[in-house]
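Taking it in order: structure first as structure tokens, then the write-up.
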Amino acid sequence: MYLIKITFYFLTRGKFHFPLFLLLNFTAFADENLVQSQQWLNLLRYKDQKSLADGKDFFVSPDGKYDPQAELTANIEAAKKNTIIRGETYACRFPARYLFLKKHLKDIPEYNIWNNCPEFSVFFKRLNPRKVHMVFSSYFISRPASAFGHTLLRISPQESSSESERSELLDNGINYAAVVTTSNSFLYGVAGIFGGFEGRFATLPYYYKVREYNDYESRDLWIYEMEFNQTELNFLVANIWEMRNTYFDYFYFDENCSYHLLFLLDTVRPELKLTDSLQTFVTPVDTVKAIVRSPGLVSRIKYRPSKRKQFEKKFSLLTTEEKDILDGYLKNDYDNQRLTNVGVEKKAKVLDIAIDYFDYENAKDLLSEDKEVTAKKSKILLALAQTKIRVLPKEIPRDENDQPHDAHELRRANLNFGKSDIFNNYTELRYRFALHDVHDQFTGNPMSNLEMLNLSLRKYENRKPLVHQIDFINAEALIPIEKYFFDPSYKLYLGVKRLRDAECFNCLSGTTEVGLGLTYPILEKFYLMTHLEGEFNYNPHFEQNHFRLGAGPSIGLLLQTRFNLNLSTKFQHLRYDFSQLKETNLWKNILRWSFKKNHALNLEHISYQTDHESQLGYMYYF
């Protein structure tokens, strides 16, 4: 605030000295412009004049959450006096805000936050930023919280000039996640959707997240190095420090890890406008797409394959004899005596790959630092060290078909034209909220069906439009089995669909489907799938009961080609209890050609017990 005085003097000549003056005093607030500053609004996480932060300790003004002007005024006054706020001086508690105000207002006193703030100084020196990276952890369908992947920031310190994987593990991770207060999957889903958890930032060793994601969950990591100058990096760390004073209501579909990490970057460099580029609902892959689209922001992309992929790569390079030695070593519980008569070079190669398998097999215990497991790994490492042969890591080049930022967009709209034996011609509109199925272009996506909110409307000739199907969740993890990896495939479906059988023809039924089975790789991208499936249907028009239960086998083939032409066939047989219907058969065939990244043509044929239908459609991803 500064005071401008304008005084006009009108003097008369002669005896009288009569000052005629007009004194105009007015107060001009410098913060009138500052309150409109996008960087200030980002610092306080304002969107539409309301802060997203929900912790009261985040604000200086009692009205700060809903009044940007009142919050700015209170911050200016506190910065001038360096007021003690909850046991800390203003500059030490809110260093990023202090830096912002000091830059724009001349009457803010000089204060060395880097050395005179004990707790913040320790925090800053620990991070000591040299580089910042966005890390995308690939999809993990087995855990609801990670089904869409996860993002975090990685900050490399000044003293770490090496780019080796070993030095990367010494970096710091900045994570934003929900503080989960329940182990119940249903309650977790409800609370996550409706903001029932607190979302908080946490700073932790990067190696801990590598162990969790890369090793324990066997997920690939994609690291996007971003270009920020030193002043911006320092400001980023100062803003992260301020985040410890608050929490945010966590919403699974919008105010999630992706959104808040981009908000951090927007605060450092407001002109990026990364959060403005997002749609209403945000997933982690949207984060990496947003930063890659921003000109000049991403300088380099690095790939860190999972432990399983590292093992598979090294295993493929072994000779038949070396594979036999490794097999005996693993089957005998890593008994080093089994390698006594093995040549030193072969012994080193076997021990090196055995460590990768040990890390994969015992990732959970290593993550929790189980003493027995840690001691066992130490013996293997010691045996490798005693060979005195340095086994160079086999670099796995990143496959451009796996890059998450090159994946198709999540939402999809279909326009289909089809023919039914019973209902004749029809037109169908479909909308899918997210994310992917195995017939979509597989670049950057998991080999899984992971769909949410898939709505289908149909209009048959000479009939009124009707709801044909609503898929709330359609998840199917297809995990190819291999010699050392025998993970089951599984499926889960929750929705409403029209039945095509004699008991309830074309009636809407609440449906739950589950399945457990195996996926066998026949050739590259060619798989045989077998499942034992169960189905629950509910409809008040069932004659015997309002519900029925079915169970039976299914078998299918899936081929994904390099020409983005994917096809599958599946046969299912179910037998029912609590129903007049004894059994049903279903045969479904799909051929999809993704002729462009976000455009596809789809051909389907389905044979039901009482009907057959075929359809051709266009798909647009957005």
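Every number in this text was worked out from the coordinates using simple rules, so none of it is lab data. Model, not experiment: these values are computed from the prediction. So basically every Cβ, Gly included, is an ideal-geometry build from the backbone, and we count neighbours across all protein chains shown.
Between D406 and F595, the FRET efficiency from the beta-carbon distance, with R0 = 22 Å, is close to 0.85. With both labels modelled 7 Å from their Cα along Cα-to-Cβ, the Q158 to D57 distance reads 2.9 nm. For the chain, the Kirkwood hydrodynamic radius comes to 28.6 Å, computed from all pairs of different C-alpha atoms. In plain terms, the chain is cut at each of the GluC sites (Glu not before Pro) found in a DSSP loop with at most 14 other Cβ atoms within 10 Å, and the longest leftover piece is 228-368.
Each residue, V344 and H541, gets one label point 7 Å from its Cα in the Cβ direction; the gap between the two is 8.0 nm. Only Lys, Arg, Asp and Glu carry charge here, each on its Cβ (+1 for the first two, -1 for the last two); on that basis the chain has a dipole of about 1420 debye about its Cα centre. Selection among T182, Q230, L616 by position relative to the dipole of the chain gives Q230 as farthest towards the positive end (Cβ unit charges, Cα centre). The length gained on full extension between S378 and K80, counted as 0.36 nm times the residue separation minus their Cα-Cα distance, comes to 101.6 nm. The stretch between T512 and R300 holds 71.9 nm of extra length on full extension. This uses 0.36 nm per residue minus the Cα-Cα distance. Using Cβ point charges alone (K and R +1, D and E -1), the dipole size of the range 208-329 about the Cα centre works out to roughly 300 debye.
How far is helix 68-81 tilted off the main Cα axis of the chain, in degrees rounded to 10, range 0 to 90? In the chain, helix 68-81 runs at an angle near 60 degrees to the longest axis. Could you calculate the FRET efficiency of K394 with L466 from 1/(1 + (r/R0)^6), where r is the beta carbon distance between them and R0 is 56 Å, rounded to 0.05? The formula returns an efficiency of 0.50 here.
Dipole size of the range 504-622 about its Cα centre, with +1 on Lys/Arg Cβ and -1 on Asp/Glu Cβ: approximately 560 debye, rounded to the nearest 20. For F433 and V292, the difference between the fully extended length at 0.36 nm per residue and the C-alpha to C-alpha distance is 48.5 nm. For the pair the range 360-382 / the range 464-533, the C-alpha centres are spaced 37 Å from each other. Translational diffusion coefficient of the range 490-554 at 10 °C, 1.306 mPa s, Stokes-Einstein with Kirkwood Rh over Cα pairs, in µm²/s as a whole number. The estimated diffusion coefficient comes to 119 µm²/s.
Cysteines in the chain lacking any other cysteine Cβ under 4.7 Å from their own Cβ: C257.
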